[in-house]
Ligand SMILES: [Zn+2]
């Protein structure tokens, strides 16, 4: 390879690397908003579209880091209790974190959690729960507000 071509190739590679690094640093230091985190949950829920599952997903964040994530798989698993929130909370539970660390966690789900999932979130000492759509039939937020 002629020296000039080699230099050009190296320069292109370095430029690509620097752009990648700059992008990574920008992502790493950015504090995601509630809407941006919820968008990630909705993106995850969309993955289950066309699979005969309800498009419900859950992500547990610590600041901008995803600690656990799951989506509902009742039909695939032929089980009734495999809600997205429960699956994500079980993944969190396996990490064996202390109560203070768990209190810093934020649970995001695109549908109001049912009583089982909200109860599991409370029992897991998750600090905050965010949801985007009310579930009038089995949503449990109204029960939590009374306590
Ligand atoms: Zn649930």
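Every read-out reported here was derived from the displayed coordinates using simple, explicitly stated rules and does not represent laboratory data. A quick note: this is a predicted structure, and the numbers were derived from the prediction, not measured. All Cβ positions, even for glycine, are placed from backbone atoms using ideal geometry, and neighbour counts span all protein chains on display.
Of note:
- With contacts taken as Cα pairs under 8 Å at a separation of at least 6 residues, the stretch 54-142 carries a relative contact order of 28 percent.
- Distance between the stretch 42-65 and the stretch 79-147 - C-alpha centres, whole angstrom: 14
- Among 117, 58, the order by Cβ neighbours within 10 angstrom, fewest to most, reads 117, 58.
- Of the residues 35, 93, the one with the fewest other Cβ atoms within 10 Å heads the list, and the complete ranking is 35, 93.
- Residue order for 126, 41, 82, fewest other beta carbons within 10 angstrom first, comes to 82, 126, 41.
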